[in-house]
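These notes are about the structure you will find just below.
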Amino acid sequence: MKLKFFIGIFYIGMISLFACSDAPREQDETQEKAVNGQEITIMTHDSFSISKELLAGAQEKLGAKIVILKSGDAGEALNKAILSRNNPLADIFYGVDNTFLSRALGADIFVPYAPKSLDTIDPALKLDLENRLIPMDFGDVCLNYDIKWFDAHKTAVPASLEDLIKPAYKDLLVVQNPATSSPGMAFLLATISRFGQEGYLSYWKKLKINGLLVTNGWKEAYWGKFSAASEGNRPIVVSYASSPSAEVFYSETKLDKAPTGVVIENGSAFRQIEFAGILKGTKKLALAQKTMDFFLSTAFQEDIPLQMFVFPANRDARLPEVFETHAKITTAPASVDPRLIDTKRDAWIREWTETILQ
């Protein structure tokens, strides 16, 4: 970007070679003065995490303190950012996912910026061509299953969403409420993608008849009801395709194989993409741009998997061995247009609630 700018100045204005070579140095000095000794505030969701060593190194490099402002779940945090648009609570927002993308862009609270290393991101993850929101990480929400339970009961693992309504899987599934849970919403969208707006409620009615259990959040479902992770009696849970890697990483004993498996094919997995962007109204634009560069750097991107157990957006970032071995991604994720999600989200949740919880 800088190179093109200065080449353009040279050809248009015919300024001297000396002036051209001196300009980048002056700009860098100005930016350093602008960031030195400041604070940069990152508004994000409660699940955001960064290693202490990396955070300390980033602050030293930026010449600024990084303040992490955790503000609830992804939807709650975004609502706070929108409501405070005239007097921003932060300089950068990290954590808009593709289910909230249109709402975030429609609120017009972000300024465009193309960070360094933008070309390392898979084009399929780039959903905002104006670069107001930049992909940071992604992961697939899908069915997780208890391998030991299925082996002991000599039952075939479900291969698709359709399998879950069969008698063999009665009283086996626990999901999260899409009104209160991000993975719950993602799973609802997977069923809408698979069965269409006309057929998804019929599918959910069949799940309910087949003994579906609903919890308010992921923690209650996974750590409270899922048989592979608790004393619960549900061997199928909605979670992430990277959950097996977390099970191995956090195990008190060395595991060669994860106790959980995932179902990621046949349109059963919904890909969540997480974005970050600079908030309009920031008084620290130069520093915010440098921070966005840091977020897309290999150092930060390689920190993501073992901090938040999702995949980095930067394709040059190396994955830790436990991720390479145990985390999965689907080759054909379920997909729903973000604009349609924004338009229909509330109606879908209301219809789902009336059908399943009443």
Residues of the stretch 67-80 being within 20 Å of Asp137 (Cα to Cα) and either surrounded by fewer than 19 Cβ atoms within 10 Å (Cβ to Cβ) or touching a Phe, Trp or Tyr at 6+ places or on another chain (Cβ under 8 Å) (or both), in sequence order, are Ile68, Leu69, Lys70, Gly72, Asp73, Ala74, Gly75, Glu76, Ala77, Leu78
Are there any pairs, at least 6 apart or on different chains, whose C-beta atoms fall under 8 Å, with the first in the stretch 49-62 and in contact (Cβ under 8 Å) with a residue 60 or more places away in the chain and the second of a type in the set (Phe, Trp, Tyr) and surrounded by 15 or more Cβ atoms within 10 Å (Cβ to Cβ), and if so, which? Ile50/Phe300; Leu54/Phe300; Ala58/Phe294; Ala58/Phe300; Lys61/Phe294; Leu62/Phe294
Could you figure out which of (1) more than 18 Å from the chain's Cα centre (by Cα); (2) under 30 Å from Leu62 (Cα atoms); (3) part of a loop (DSSP other than H, G, I, E, B) isn't true of Leu319? (1)
Quick one: is Glu302 farther than 23 Å from Ile109 by Cα, acidic (Asp, Glu) and in contact (Cβ under 8 Å) with a residue 12 or more places away in the chain? yes
Would you point out the residue of the stretch 35-46, among those that are of a type outside the set (Val, Ile, Thr) and crowded, with 16+ Cβ neighbours inside 10 Å, that is modelled with the lowest pLDDT? His45
Criterion (at negative phi, in the same structural domain as Leu285 (by TED's automatic domain parsing) and in a loop (DSSP other than H, G, I, E, B)) met by exactly one of Ala90, Ala77, Ala58: Ala90
Scan the stretch 206-250 residue by residue and report those that are of a type in the set (S, T, N, Q), touching a Ser or Thr at 6+ places or on another chain (Cβ under 9 Å) and not in a helix (DSSP H, G or I). Thr215, Asn216, Asn233, Ser239
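The values are calculated or read from the model by the stated rules, or taken from the named source; none is laboratory data. A quick note: this is a predicted structure, and the numbers were derived from the prediction, not measured. We place every Cβ from the backbone using ideal geometry, glycine too, and count neighbours over all the protein chains shown.
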